[in-house]
Amino acid sequence: MSAALHAGRSAPWRALADELARWREGGRVAEFWWRDDDAARPDPALKRLLALAQGTGTPLALAVVPMQAEEEAFEGIGPGVSIIQHGIDHGNRAGAGEKKTEFPAGESPRAAAARLTAGRERLAAWAQDRFVPVLAPPWNRLPEAFIPQLAPAGFRGLSRFGVRAAAQPAPGIRQVNTHVDLVAWHAGRGFVGEDAALAAAVGHLAAKREGRADAGEPTGWLSHHAVHEEAAWTFLERLFETLRAEPGLRWMGVRELFHSQ
Ligand SMILES: [Zn+2]
């Protein structure tokens, strides 16, 4: 049991410490990763995000919207930050009866692939070797029929939300999802709160440990810097600081997560 996580901590933090202790007792390493969505402009929130990643030494997958992005947003990005692609223009193209999506089921996969390629080329030109061709679709939605089009369009990874159904959903595509959303989208878009965030992480770790979820999928934390209130920033700072003191876990970077197959 870790003194660092237990000292003066509330029940949700203790639950995380206890779960991590179970991983250690089983001789296993708990793996985490961090994705942040909707980057486009070099505004104060993005600067704060990048400073947090750099200051805590936490690898960050920064999901950038290609057609909204400004070149200045890529300046001063630290070595631990990788750029991935967040859709193309983040426009909602949902058809009747569909939830918000940039990729409606009615669009032909080839047309979507052409749009994706244009976005990928724009990002790659600016981000250069920081860019890793992974698609994080807006609203975490992409029709299954589109996935086989990703590798021919130059992608090697896909990241959505929730326990993945497959590590390789199509030839040449590795899928690593996020599992802990820090924003309460349907309740005012504020911070979900420490209890909910930590419970989601503990729930995913326990599911993996007990064989109810793909044990090879690192637990992904999903943030949205543009809408973070102070409580969300404070939580992330505390999370990184607390976990840094924990043995037997590690944060994974994008290149390792989405290694070529
Ligand atoms: Zn988004």
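Quick notes on this one:
- All C-alpha to C-alpha distances of the chain, sorted into 5 Å bins beginning at zero, yield P(r) values of 1, 6, 13, 18, 19, 17, 13, 8, 4, 1, 0 percent in whole numbers.
- Positive-end residue of Val132, Leu16, Ala105, charge dipole of the stretch 1-139 with Cβ unit charges: Leu16
- Counting every other Cβ atom within 10 Å of each residue's Cβ, Asp18, Asp181 order from fewest to most as Asp18, Asp181.
- Amide H contacts for His179 (H built 1.01 Å from N in the peptide plane; partners 5 or more residues away or on another chain; cut-off under 5 Å): Gly162, Gly220, Trp221, Leu222.
- Net charge, His90 excluded, C-beta distance under 9 Å - Lys, Arg +1, Asp, Glu -1: -3
- Table column - 3J(HN,Hα) (Hz), the stretch 119-130, Karplus curve with 6.51, -1.76, 1.60, x for Gly and Pro: x, 4, 5, 5, 5, 4, 5, 8, 7, 6, 6, 7
- Derived scalar couplings ³J(HN,Hα) [the stretch 204-211; Karplus, 6.51 cos²θ - 1.76 cosθ + 1.60; whole Hz; x for Gly, Pro]: 5, 4, 5, 4, 5, 5, 8, x
- Length gained when the stretch Val227-Glu121 is fully extended (0.36 nm per residue, less Cα-Cα span): 35.4 nm
- Most positive-pole-ward Cα, His225, Ala207, Ala197, against dipole of the stretch 191-236 from beta carbon charges: Ala207
- Ignoring the sites themselves, the chain has its longest run without GluC sites (Glu not before Pro) in a DSSP loop having at most 15 other Cβ atoms within 10 Å at 99-209.
- Among beta bridges from DSSP that stay inside the chain, the antiparallel ones total about 10%.
- The chain, relative contact order in percent, only Cα pairs under 8 angstrom and at least six apart counted: 25 percent
- For the chain, built as a Gaussian network whose Cα springs stay under 10 Å, the top-fluctuating residue of His186, His224, His204: His186
- Sequence-separation-based contact order of the stretch 93-207, relative, with Cα cut under 8 Å and 6+ spacing, percent: 17 percent
- Taking a straight line from the alpha carbon of Lys208, these aspartates and glutamates sit under 12 Å away, with near neighbours fewer than eight places off in the same chain left out: Glu19, Glu31, Glu217.
- Distance between modelled label sites at Arg28 and Arg238, nm, 7 Å Cα→Cβ extension: 2.7 nm
- Positive-end ranking of Gly27, Pro247, Ile83 along the dipole of the chain, with charges on Cβ about the Cα centre, is headed by Gly27.
- Sorted by Cβ density within 10 Å, fewest first, the residues Thr234, Thr178, Thr56: Thr234, Thr56, Thr178
- Size of electric dipole in the chain: Cβ of Lys, Arg +1 and of Asp, Glu -1, about Cα centre, debye, nearest 20: 600 debye
Laboratory data are not the source of any read-out in this text; all were calculated from the coordinates shown. This is a predicted model, so every value here is computed, not measured. A quick note on method: Cβ atoms are made from the backbone with ideal geometry, for glycine too, and the neighbour counts reach across all protein chains shown.
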